[in-house]
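*Asks:* Below is a structure I'd like to ask you about.
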Amino acid sequence: MKSPIRYAYSWVIDLSREQKTFILLLVDLALIPISFYVTTLINGTISPGLMMADPSDTAIVLGTMIFAGLVASLGLGLPRIKLNAYEQKGILRTAAFATIVGMAGGVALHIPAEPLWSWGVLIIFTMVLIILAVSARITMRSILVDIYTSGLERQRVLIYGAGQTGLQLAAALGTDDAVEPVAFVDDNPTFHKLTVAGLPVHAPVRIEELIKEKLINRVVLAMPSISRPKQARIARRLQDVGCEVSVLPSFATLVGEGKLLDQVQPLNPSDYLNREDLDDALPGVCDIYAGRSIMITGAGGSIGSELTRQVLRCAPSRIVLFEISEFALYQLNRELLEIAPPGVEVVPVMGSVTDPDGVRRAIQDNKIDIIFHAAAYKHVPLVEQNKLAGLRNNVMGTRIVAEAASDLEVSHFILISTDKAVRPSNVMGASKRFAELLVQDLATRSDKTRFAMVRFGNVLGSSGSVVPLFEEQIARGGPVTLTHVDVTRFFMTLSEAARLVLLSGSYSARSDSEKMAEVYVLDMGAPVPILRLARQMIEGAGYTVCDAANPDGDIEIIITGLRPGEKLHEQLTMSGHALEHTVHPKILRANEPYLSQIEVAAALKSLSRAIEEGDESIASDTINRWIGPLPDSHETSVQDANPDTAT
């Protein structure tokens, strides 16, 4: 047998819109005679007043009022206002309805020879009718809400912010069957202990207590006027309490009166560099790539993937994507298949550069003409913590690919190097310097393969770059972390780096140098102070820096200290070695010393032993002997305070 509440729920649900409208109309009309007699009681006219008047006169007055009420209620659309939507405008219509009924009653009351009421009593009648009509609607709405929500799991919401947006949110949620606003929290102490929109307002210090006491499921930040970083900080603090948090923009913003936070456009990365963009058209860059079979190792990485996109413009016959990450390979392959011009074959190859058989098969099966070797572990802190893995991938992997290229008579091999290979202060830089040395050695012994290296600094927006890290920290509301106030880095955009690498590769094809690996250094411009970059990114996102000069700023910059193996400043060439200009002003050629074949063989033998035995001390001794000692972070910061940069 159904409970009374469930029975009432079923009965209400089964009512049609016309039936609900009819019921509300009957309620409006029934309230007219009730208000009539309540006014009579208030006015003290029961004896010997109205009740002793001619019943026909009373009937005329009531009939006139009810007829006027019928016309007014239908004309104003009162019965068609849903109870859930009955708010301020509904109350105003109810007042208009009562006024019309009162005025009609005023005319009818003067039909008898002896007026039943004065105009003052009619005003009392009108007020009584307004109060009863509004109270009836509100009571009916409360009953219906209880009926509809009985047995339902409603999400209990705490609204942070009792301003205009918070009030609008509370009103909107009040009509929702699935959500129940419980209370407000506001930073303004003048609101505390007040009741706003039927909900109590509490101080923020009570949030944790309120969440536990009132079983809050979610906190909604209804403070669109404060900055996004401050919203993010509040949200993180609330999440630590163990509650879901949402941020609500203003309702005006939602309908287009302003920009949504997510629509804020970041600055173009090149805006951070204060340098001219590279022209899209690079003369002669595609000459050696058109119609050739090209393999890019580490194709799923930032540089590797951009190289593949740029190579596609040169219309090669085949482009082989050699990548160890399945997801990165899948994403890149799907993208290239959509944009590859007709006649260009895209071949995804999943494999590791440390697998000799896999590398040779990829080269042989696809008849590779040119290899861009971009595969590397490049995150300095991670390689520092995983030294042997970094050396195996960056050094041995380069040896395997380069030797396979030489043995299989690949036309060109271009190594993607880094400025961290110059006077390295960490294992990652040392591993890339080792890779350069063995490529230079192979070049002296290769008859068919032309070897070259392209060395440049950081790429804006690449994985591991400081720019995505800063963007993420800014989006979270800060703080932005910086290792040292004086740290600088060379930067270049991803597109510019890839195009200059391709152009450098074409230069190596035209070089007259015999059995010598060309070392190309990209002109990175002036080094960029990372503190300045952090400030530019914060201000570019529309916020202010919080520091001693501006304690009320949005985002703070925190200095964490140099990490092990991290330099204050990077260099692009060895000290004391000049750079030669090439045809393009942003590509320079370095003439640097390299190890003999015997020295390279001894270094590789020692390094192989360290990797096979898992002995980091042997690896460190090898680096110290053939590359140079790696200074600790303190020594690095001192020795690089005045770097000898050649560009």
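The values are calculated or read from the model by the stated rules, or taken from the named source; none is laboratory data. In this text, all values refer to a predicted model and were calculated from it rather than measured experimentally. Neighbour counts are summed over all protein chains in view; Cβ atoms, including those assigned to glycine, are modelled from backbone coordinates with ideal geometry. For accessibility, only protein heavy atoms count, side chains too; no ligands or nucleic acids. Shrake-Rupley method; radii C 1.70, N 1.55, O 1.52, S 1.80 Å.
Residues checked against (1) of a type in the set (Ser, Thr, Tyr); (2) within 33 Å of the chain's Cα centre (by Cα):
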| position | (1), (2) |
| --- | --- |
| 377 | yes, yes |
| 389 | no, yes |
| 401 | no, no |
| 416 | no, yes |
| 427 | no, yes |
| 440 | no, no |
| 448 | no, no |
| 452 | no, no |
| 460 | no, yes |
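A quick yes/no check of all residues on (1) farther than 23 Å from residue 311 by Cα; (2) in contact with a strand residue (DSSP E or B) (Cβ under 6 Å, 6 or more places away or on another chain); (3) among the hydrophobic types (A, V, I, L, M, F, W, C):
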site: 333; (1), (2), (3): no, yes, no
site: 338; (1), (2), (3): no, no, no
site: 352; (1), (2), (3): no, no, no
site: 396; (1), (2), (3): yes, no, yes
site: 401; (1), (2), (3): no, yes, yes
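*Asks:* Given (1) modelled with pLDDT under 95; (2) crowded, with 22+ Cβ neighbours inside 10 Å; (3) farther than 23 Å from residue 368 by Cβ, where does residue 391 come up short, assuming only one miss?
*Replies:* With (1) modelled with pLDDT under 95; (2) crowded, with 22+ Cβ neighbours inside 10 Å; (3) farther than 23 Å from residue 368 by Cβ applied to residue 391, the lone miss is (1).
*Asks:* Any residue in segment 57-74 that is closer than 15 Å to residue 99 by Cβ sitting within a Cβ distance under 7 Å of a residue that is buried (at least 18 other Cβ atoms within 10 Å of the Cβ) and among the charged types (D, E, K, R)? List the pairs, counting only those 6 or more apart or interchain.
*Replies:* Close Cβ pairs (under 7 Å, with a partner that is buried (at least 18 other Cβ atoms within 10 Å of the Cβ) and among the charged types (D, E, K, R)) amount to 69/28; 73/28.
*Asks:* Out of 201, 196, 185, which single residue is at negative phi, aliphatic (A, V, I, L, M), touching a residue at least 12 places away in the same chain (Cβ under 8 Å) and open to solvent by 20 Å² or more (accessible area, probe 1.4 Å)?
*Replies:* None of the other options fit; the residue is 196.
*Asks:* Kindly establish whether residue 538 is at pLDDT 80 or above and in contact with a Gly (Cβ under 9 Å, 6 or more places away or on another chain).
*Replies:* Taking the combined requirement at face value, the residue satisfies it.
*Asks:* Criterion first (at pLDDT below 55, over 27 Å from residue 74 (Cα atoms) and within 60 Å of the chain's Cα centre (by Cα)) does residue 5 satisfy it?
*Replies:* Judged against the criteria, residue 5 is a match.
*Asks:* Residue under question is residue 190, and the condition is that it be hydroxyl-bearing (Ser, Thr, Tyr), free of Cβ contacts under 8 Å to residues at least 12 places away in the same chain and either open to solvent by 20 Å² or more (accessible area, probe 1.4 Å) or within 27 Å of residue 138 (Cβ to Cβ) (or both); does it hold?
*Replies:* Yes: the conditions hold for residue 190.
*Asks:* Restricting attention to segment 394-445, report how many residues are in a helix (DSSP H, G or I), acidic (Asp, Glu) and open to solvent by 10 Å² or more (accessible area, probe 1.4 Å).
*Replies:* 2
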